[in-house]
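> Next up is a structure, given as structure tokens.
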Amino acid sequence: PMTLLAASQPAETIRKLEWLLSRATGYFGVTNYLGSRFMTTPAAMNGFTGALRQRGLAFIDDGSAGRSAGALRASADRVVDDDLSAEAINRQLTLLEAAARSKGQALGSGFAYPVTVDEAARWAQGLSDRGFQLAPASALVKS
């Protein structure tokens, strides 16, 4: 019932967002789960990003939508676990490394599926040997 919907009026979006934000503390921002229709609807995103901006919160998206002005934001370069096989996740993590090498940084998005957590932990063990350093998503946020 508290899903942010593209067709909602801005006041309804803000009311739902405030309710969602009231359920936790200590966060620097929010992320999306699905929501490409919401993120590509200007009226929906304007109210959403305005509410985040007023609170000094960032939006970390999975990279499925274009950039929008008005909020602190970081967009993932790739979702690493669209395919839940260990091999596919490892392939995506390797591609994420390639993006980081090319651009100087890269952000990956994934869910807390056991296979994702296991493969990411294995992958992270050798990062420094390969010349990489993990950083929190907050380090990549831009306005």
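> Could you please give the count of residues in region 1-10 that are surrounded by 13 or more Cβ atoms within 10 Å (Cβ to Cβ) and either at pLDDT below 90 or not small (G, A, S) (or both)? Can you show your working first?
The first filter runs over region 1-10 and keeps only residues surrounded by 13 or more Cβ atoms within 10 Å (Cβ to Cβ), leaving 4-6, 8, 10.
Next cut, either at pLDDT below 90 or not small (G, A, S) (or both) only: 4-5, 10.
Selection size over region 1-10: 3.
> Got a number for residues in region 94-143 being small (G, A, S), more than 13 Å from D77 (Cα to Cα), open to solvent by 70 Å² or more (accessible area, probe 1.4 Å) and in a helix (DSSP H, G or I)?
Pass one, region 94-143, residues small (G, A, S): 98-100, 102, 104, 106, 108-110, 112, 120-121, 124, 126, 128, 131, 135, 137-139, 143.
Next, only the ones that are more than 13 Å from D77 (Cα to Cα) stay: 112, 120-121, 124, 126, 128, 131, 135, 138-139, 143.
Imposing the further condition that a residue be open to solvent by 70 Å² or more (accessible area, probe 1.4 Å) reduces the set to 112, 128, 143.
Among the residues that remain, those that are also in a helix (DSSP H, G or I) are: 128.
Residues in region 94-143 being small (G, A, S), more than 13 Å from D77 (Cα to Cα), open to solvent by 70 Å² or more (accessible area, probe 1.4 Å) and in a helix (DSSP H, G or I): 1 in total.
> Run down S64, S102 and say which single residue is modelled with pLDDT under 90 and not β-branched (V, I, T). If you could, list the steps in order and put the result at the bottom.
Values: S102 fails: modelled with pLDDT under 90.
Only one candidate passes the filter, namely S64.
> Given the residues G104, G63, which is the only one that is under 26 Å from S143 (Cα atoms), within 13 Å of the chain's Cα centre (by Cα) and not β-branched (V, I, T)?
On the way: G104 fails: within 13 Å of the chain's Cα centre (by Cα).
Being under 26 Å from S143 (Cα atoms), within 13 Å of the chain's Cα centre (by Cα) and not β-branched (V, I, T) holds for just one of G104, G63, which is G63.
> Out of region 11-49, which residues are under 16 Å from D61 (Cβ atoms), open to solvent by 30 Å² or more (accessible area, probe 1.4 Å) and assigned to a helix (DSSP H, G or I)?
L20, S36, R37, P42, N46
> Scan region 77-93 residue by residue and report those that are β-branched (V, I, T) and part of a loop (DSSP other than H, G, I, E, B).
Filtering region 77-93 for residues β-branched (V, I, T) gives 79-80, 89.
Of everything in region 77-93, just one residue is β-branched (V, I, T) and part of a loop (DSSP other than H, G, I, E, B), namely V80.
The values are calculated or read from the model by the stated rules, or taken from the named source; none is laboratory data. Just so we're clear, the structure is a prediction, and the values are computed from it rather than from any experiment. Virtual Cβ from ideal backbone geometry, glycine too; neighbours counted across all protein chains shown. Note: areas computed on protein heavy atoms with side chains; ligands, DNA, RNA excluded. Shrake-Rupley method; radii C 1.70, N 1.55, O 1.52, S 1.80 Å.
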